[in-house]
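Below: the structure, in structure tokens.
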Amino acid sequence: MTAERVEPGEAREIAETLAARLVDPVGVFAAPGRVNLIGEHTDYNAGLCLPIALPHATYAAVRRRDDGVLSVASAQQEDRFEAVLAEVSPGSVDGWASYVAGVAWALRDAGHVLPGMDLVVDGRVPLGSGLSSSAALICSAALAMCAAAGIDPDRQALVAATMRAESEVAGAPTGGLDQTAALLGEEGHALLIDFRDHTTRTVPWQPGDAGLELLVVDTRASHSHADGGYGSRREECEAAARELDVPSLREATATDLDRLGDGRLRRRARHVVTEVQRVADTVSALDRGDWTRVGELFTASHASMRDDFEISCAELDVVVDTALAHGALGARMTGGGFGGSAIALVPTERAGEVTARVAAAFADHGWNAPGVLPAPASAGAWQVR
Ligand code: ADP
Ligand code: MG
């Protein structure tokens with residue numbers, strides 16, 4: 001068995017094909033998926049995280065219509081969605097279209113006047129792989145709708161609107177990491193996001209200059225407790241913060257953890273407190289060009305998610321252990337957990353072997369072949385044509 005290479009495709013070509021499906025399109029807009037380098041489940045704890053935008057994006061072409069109707073079709077879905085814009089609200093739409101309808105609702109709720117629109121969408125971010133196809137969809141649709149409405153969007157304001165779309169209309173609570181990365185990511189850089197005040201700073205991320213490559217491995221596994229797991233982890237973090245009498249776990253220190261006994265709450269909080277520190281340490285290590293340390297921090301982050309936060313699974317552990325056994329400097333699961341993707345920082349000349357070993361290990365377990373994505377740090381959402 002070999003791993004399937006998941007290519008991002010050629011942006012202009014995808015955009016031309018989409019635009020050709022609409023008479024008189026306003027334009028085609030793209031928003032990338034993201035992979036979080038480190039800082040997991042820290043966003044809703046007012047912590048730090050460090051994602052990069054992927055070259056894999058979702059593309060949305062848009063044209064205006066004058067009947068106040070929003071119509072959306074996706075190459076990844078069979079059904080077309082249609083509704084009167086003014087009737088879209090939280091609870092009125094479900095399924096994949098709720099992400100797109102949600103953006104229209106959030107923009108209107110922020111006071112913008114939207115025309116009726118036809119949107120056609122095509123995505124190159126694997127769906128449900130922890131690489132944030134949902135935010136890519138929402139953010140590409142947001143740029144498309146703003147263009148159709150003649151709005152020149154402020155990106156920070158768009159982060160807020162796209163977060164509301166996902167949490168309030170699509171019903172998927174989000175801490176904002178995904179939308180921020182999709183809208184503010186920069187080529188050749190990771191984005192340090194501080195969720196205490198939602199500020200961002202770019203950090204150069206060019207592993208190729210050090211003879212390294214970031215492998216993104218999509219396990220293609222998704223375990224049914226993912227949604228419930230996310231919710232219960234969030235609740236446990238809030239409970240731990242209440243017990244420590246701090247506004248969020250960002251305000252807790254390593255010594256505070258002793259006040260949480262030695263049970264589950266302590267382990268959950270310990271993940272968050274140590275993970276925030278690891279993000280800061282990763283940025284310092286990158287400043288020094290100390291890639292060995294970056295790798296160690298990745299691996300420590302994985303151990304924390306596996307043992308303290310308990311969000312890993314067999315497939316993710318196999319990617320991490322196999323990559324480390326065959327020369328990776330570090331490896332960790334990424335995204336919400338319970339399936340999805342893992343990353344490994346590997347010497348470029350070992351990337352082929354690590355990939356083959358991971359695929360072989362998956363075959364030995366009788367699992368489906370994993371996907372492997374090329375992942376140079378790429379640009380945030382943009383207009384393609
Ligand atoms: P992730 O964001 O990690 O890929 P989610 O479960 O958050 O996983 O989002 C995946 C969902 O987003 C899909 O099940 C689908 O409803 C929607 N989605 C993402 N991309 C597209 C697309 N190109 N077309 C239609 N729906 C999409
Ligand atoms: Mg998502």
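General observations
- At an R0 of 51 angstrom, the distance between the Cβ atoms of residue 287 and residue 80 translates into a FRET efficiency of 0.55.
- Highest GNM mean-square fluctuation among 241, 342, 106, for the chain modelled with Cα contacts below 10 Å: 241.
- Region 221-322 - charge dipole about Cα centre, Lys and Arg +1 at Cβ, Asp and Glu -1, debye rounded to 20: 120
- Charge dipole (debye, nearest 20) of region 51-157; +1 at Cβ of Lys and Arg, -1 at Cβ of Asp and Glu: 280
- Inter-label distance for residue 209 and residue 21, nm, one decimal - labels placed 7 Å from Cα along Cα-to-Cβ: 4.0
- Per residue, region 51-90 exposes 44 Å² of accessible surface when a 1.4 Å probe is rolled over the protein heavy atoms with every protein chain present.
- Here the peptides 193-199, 152-158 are ranked by packing, the mean other Cβ count within 10 Å, and the order with the highest first is 193-199, 152-158.
- The residues of region 98-238 expose on average 36 square angstrom of accessible surface per residue, using a 1.4 Å probe on protein heavy atoms.
- Alpha-carbon centroid distance for the pair region 236-296 / region 305-319, whole angstrom: 18
- Extending 7 Å from Cα along the Cβ direction at residue 156 and again at residue 199 yields two label points whose distance is 1.0 nm.
- Dipole check for the chain: with +1 at the C-beta of Lys and Arg, -1 at the C-beta of Asp and Glu, and the Cα centre as origin, the magnitude is about 180 Debye.
- Accessible area per residue was computed with a 1.4 Å probe on protein heavy atoms; residue 38 scores about 0 Å².
- Considering only 341, 133, 224, the Gaussian network model of the chain with Cα springs below 10 Å gives its largest mean-square fluctuation to 224.
- Stretchable slack from residue 109 to residue 310, in nm (0.36 nm times residue separation minus alpha-carbon distance): 68.6 nm
- With all protein chains in place and ligands, DNA and RNA left out, the 1.4 Å accessible area ranks 84, 354, 318 as 84, 318, 354, largest first.
- Carbon/sulfur fraction of accessible area - region 1-104, other protein chains in place, 1.4 Å, %: 45
- Signed unit charges on C-beta, dipole axis of region 1-113, positive-most listed residue 26, 99, 42: 26
- Its Kirkwood hydrodynamic radius, worked out from the mean inverse distance over all distinct Cα pairs, puts the chain at 21.1 Å.
- Taking all protein chains into account, the per residue accessible area for region 257-325 stands at 39 Å² (1.4 Å probe).
- Taking the protein heavy atoms of region 319-372 in the context of the full set of protein chains, the accessible area attributed to carbon and sulfur is 49 percent at 1.4 Å.
- Among 200, 174, 292: highest mean-square fluctuation, GNM of the chain, C-alpha pairs under 10 Å: 292
- Per-residue ellipticity at 222 nm from helix content only, as computed over the chain with -39500 (n - 2.57) for each DSSP H run of at least four residues, stands at -12000 deg cm²/dmol.
The values are calculated or read from the model by the stated rules, or taken from the named source; none is laboratory data. All values derive from a computational prediction rather than experimental measurement. When we count neighbours, we look across all protein chains shown, and the Cβ atoms used for this are built from the backbone with ideal geometry, even at glycine. Surface accessibility is based on the protein's heavy atoms, side chains included, excluding ligands, DNA and RNA. Shrake-Rupley method; radii C 1.70, N 1.55, O 1.52, S 1.80 Å.
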